[in-house]
Amino acid sequence: LLSRRRFLGVAGAAVLAGGTTTVYARRWEPEWLEVRRTQIRTQPSGVAAASIRILHLSDLHASPVVPMGLITEAIARGLAEQPDLVALTGDFVTGRNADWDALREALSVLPVVVPTFACLGNHDGGVWTQRGGRGYTSQRLQQVLAETGIELLHNRSRQITLRGRPVQITGVGDLWAGECQPAIAFFDQQPLPDEALRLVLNHNPDAKDLFNDYPWDLMLCGHTHGGQLRLPLIGTPFAPVADKRFVEGLHPWDGRQIYITRGVGNLHGVRFNCRPEVTLLDVT
Ligand SMILES: [Fe+2]
């Protein structure tokens, strides 16, 4: 039998642990960035191709619960790694009341030094935000991106050359907004040599099944925030995806690869066992 004294001791420890966990999950972890590096091989061996470093940032979620300092720090730490390309995979804001001037200023440093491309997420003003009574469109964000020089790929492809290697970047609209349209995005793609790298910027990894019939090597996603709360034994019950296998990190799929970043910002100001991520991908 548990003595009264022992019970109080155990209960006290539990309350203390709970309190510490809450403080940690609300105050500490959401702003504790991890620079996460991953090597990815996309070409069959035998094809000589230059290595390309991608800085992948997603889910900035500029809002009252995500300080702009976290976003600027993520960008600065990513740029310090001297990427060849920057991919931003949606959810720039949460709601219509973002500090747009501060966001513009934070983002504007990117395209000055490195080609930067973006796709939209469900929070960025498509049909999903309008349907939920949130009542804002993506117009304001599109304007901010245009002013910074970041190229938004909304169901569109672009070809550039990085380190002498042709790179095709295809960006699609968001799945929940009903705007993910690979048929349009891939419509005018050109034939590419073997050493080319074909990227897809797609916010929600659940949309992967729509891409079976199209030519690409590596898909970059966000949306999940890595589950945001990653609980011992339970896992990531809050990850907003149907396919819980694709919550974070690099995964082979259908002969290609998908990378899902945990993202920079969050919703509701909490993270547990799931640090915000500055993603660097070395693609060889
Ligand atoms: Fe998000």
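Taken together, the values in this text are just the output of simple stated rules run on the coordinates, not laboratory data. As the structure is a prediction and not an experimental result, all values here were calculated from the model. Quick reminder, even Gly has a Cβ in these numbers, built from the backbone with ideal geometry, and neighbours come from all protein chains shown.
The table for this structure:
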{"quantity": "Residue of L70, L231, L250 that the Gaussian network model of the chain assigns the largest fluctuation, springs spanning Cα pairs under 10 Å", "calculated": "L231"}
{"quantity": "Rh by Kirkwood over Cα pairs, then Stokes-Einstein D for the chain at 0.692 mPa s and 37 °C, µm²/s", "calculated": "168"}
{"quantity": "Overall form of region 87-244 per C-alpha gyration tensor (a/c, 1.5; a/b vs b/c)", "calculated": "oblate"}
{"quantity": "Span-like helix ranges in the chain, DSSP H, alpha carbon extent 24 angstrom or more, Kyte mean at least 0.5", "calculated": "4-23"}
{"quantity": "Gain on full stretching of the segment that runs from Q143 to A183 - 0.36 nm per residue minus C-alpha separation", "calculated": "11.9 nm"}
{"quantity": "Descending semi-axes in Å of region 158-223, equivalent ellipsoid built from Cα gyration tensor", "calculated": "22, 12, 10"}
{"quantity": "Whole-number D in µm²/s for region 105-162 (Stokes-Einstein; Kirkwood sum over Cα pairs; 10 °C, 1.306 mPa s)", "calculated": "126"}
{"quantity": "Percentage relative contact order, region 149-197, counting C-alpha pairs under 8 Å, at least six apart", "calculated": "38"}
{"quantity": "Cβ-based charge dipole, region 191-279, positive-most Cα from F211, I234, C221", "calculated": "I234"}
{"quantity": "Rounded to the nearest 20 debye, dipole of the chain from Cβ charges on Lys, Arg, Asp, Glu", "calculated": "1200"}
{"quantity": "Residue-averaged 222 nm ellipticity for the chain, from DSSP H runs of 4+ at -39500 (n - 2.57), nearest 500", "calculated": "-7000 deg cm²/dmol"}
{"quantity": "FRET efficiency, A102 to H268 (Cβ-Cβ, R0 30 Å, nearest 0.05)", "calculated": "0.90"}
{"quantity": "Computed P(r) (all Cα pairs; region 1-125; 10 Å bins; percent)", "calculated": "11, 30, 25, 15, 11, 7, 2, 0"}
{"quantity": "Cβ-Cβ FRET estimate between Q39 and V15, R0 fixed at 41 Å, reported to 0.05", "calculated": "0.40"}
{"quantity": "DSSP beta bridges in the chain [antiparallel fraction, %, rounded to 5]", "calculated": "40"}
{"quantity": "Packing-based ranking, highest mean first, of 155-168, 208-221 given that Cβ atoms within 10 Å are counted", "calculated": "208-221, 155-168"}
{"quantity": "Rounded to 5, the percent of DSSP beta bridges in region 70-198 classed as antiparallel", "calculated": "45"}
